[in-house]
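> Pasting a structure here, questions to come.
The values are calculated or read from the model by the stated rules, or taken from the named source; none is laboratory data. This is a predicted model, so every value here is computed, not measured. Using ideal geometry, Cβ is built from the backbone for each residue, glycine included, and neighbour counts are taken over all protein chains shown.
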Amino acid sequence: MKFFVDTADIAEIRDLADAGLLDGVTTNPSLVAKAGRDFTEILHDICAVVDGPVSAEVTATDAAGMIAEGEKLAQVAPNIAVKVPLTIDGLKACRHLTGNGIMVNVTLCFSPVQALMAGKAGATFVSPFVGRLDDISQDGMALIEDIRQIFDNYDAIGTEILVASVRNPTHVLRAALIGADVCTIPPSTLRQLVKHPLTDIGLQNFLADWAKTGQKIG
Ligand code: G3P
């Protein structure tokens, strides 16, 4: 499963990319607003650090506007994936942009049939928002199970499932068990994945016992 980081914070992206953990990046208008910088500059900085797909979301709501914005965003770098919302206009824009060789990430997906529509529109990725479904007492990961089953029924659907709105390591675990293609993870949650108290305790005990030997390596 590919790991994307869900942020527009270039310092976080550089740090995690240095650890070799990143297969891509997703941004959205809220994350860009949080970064407080020029959108195009953010995208240039990210694409200079990460070779994998970098999602950049349009803000137009009509197909023609989405296409125009998407073509501008795609000019930033070849690894830009244009993000469009899961609406009829978004699907029209998706069909047009992918038809011209531009990667498209169809976002704000909350149902299996929405994901099926994105697959039929030729989306490169579809982003089901699991955390926001959990927030209203639905099981967001059940949506991923349904989409996985649907997409696996049809060879013609080449869309990758990009699990989004991830809030905790359990979302990542279940996404991997289900066989999602990508998980886009907030930086803090990505760092949480490596943590376990028994690892910390075990390392401390190894080092304490080693110190007793009085030896040094090298
Ligand atoms: O990429 C989509 C993601 O940023 C949404 O996450 O936590 O705002 O639901 P969240």
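> Testing K83 on (1) surrounded by 18 or more Cβ atoms within 10 Å (Cβ to Cβ); (2) of a type in the set (K, R); (3) in contact (Cβ under 8 Å) with a residue 60 or more places away in the chain, one condition comes back false. Which one is that?
Here K83 meets the rest and fails (3).
> Here's something else I'd like to know. Within the stretch 1-60, restricting attention to residues that are more than 11 Å from the chain's Cα centre (by Cα) and polar (S, T, N, Q), which residue is nearest to F129 (Cα to Cα)?
Per the criteria, the residue is S30.
> Consider I178 carefully, then state whether it is touching a Lys or Arg at 6+ places or on another chain (Cβ under 6 Å), aliphatic (A, V, I, L, M) and closer than 24 Å to G52 by Cα.
yes
> Any idea which of (1) over 14 Å from the mean Cα position of the chain (by Cα); (2) away from the ligand (no atom under 16 Å from the Cβ); (3) closer than 26 Å to N28 by Cβ is the one A176 doesn't satisfy?
Only one criterion is unmet by A176, namely (1).
> Can you say whether S111 is without any contact (Cβ under 8 Å) to a residue 24 or more places away in the chain and of a type in the set (S, T, N, Q), as far as the supplied structure shows?
no
> What are the residue pairs meeting all of these: first residue in the stretch 33-52, first residue in contact (Cβ under 8 Å) with a residue 40 or more places away in the chain and surrounded by 13 or more Cβ atoms within 10 Å (Cβ to Cβ), second residue among the acidic types (D, E) and assigned to a loop (DSSP other than H, G, I, E, B), Cβ atoms under 6 Å, and 6 or more apart or on different chains?
So the pair list comes out as G52/D23.
> While we're looking at this one, here's another question. Taking the stated definitions as given, is A77 among the aliphatic types (A, V, I, L, M), modelled with pLDDT of 95 or more, surrounded by fewer than 17 Cβ atoms within 10 Å (Cβ to Cβ) and under 29 Å from D51 (Cβ atoms)?
yes
> So, G24, is that one at pLDDT 95 or above, small (G, A, S) and away from the ligand (no atom under 13 Å from the Cβ) or not?
No; evaluated as a whole, the condition is false for this residue.
> Moving to a separate point now. Any residue at all in the stretch 160-171 that is away from the ligand (no atom under 16 Å from the Cβ) and of a type outside the set (F, W, Y)?
No.
> Identify the single condition in (1) within 15 Å of the ligand (Cβ to nearest atom); (2) in contact with a Lys or Arg (Cβ under 7 Å, 6 or more places away or on another chain) that G90 does not satisfy, given that it satisfies every other one.
(2)
> Examine the stretch 5-15 for a residue that is within 16 Å of the ligand (Cβ to nearest atom) and without any contact (Cβ under 8 Å) to a residue 12 or more places away in the chain, and state whether such a residue exists.
No: zero hits.
> Continuing with the same structure: Output the residue which, of all residues in the stretch 111-133 that are surrounded by fewer than 21 Cβ atoms within 10 Å (Cβ to Cβ) and near the ligand (Cβ under 9 Å from one of its atoms), is nearest to the chain's Cα centre (by Cα).
Only one residue tops the list, namely F129.
> Let me ask another. Given the condition touching a residue at least 12 places away in the same chain (Cβ under 8 Å), within 24 Å of L193 (Cα to Cα) and within 16 Å of the ligand (Cβ to nearest atom), answer yes or no: does some residue in the stretch 54-72 qualify?
Yes, the stretch 54-72 contains a residue that is touching a residue at least 12 places away in the same chain (Cβ under 8 Å), within 24 Å of L193 (Cα to Cα) and within 16 Å of the ligand (Cβ to nearest atom).
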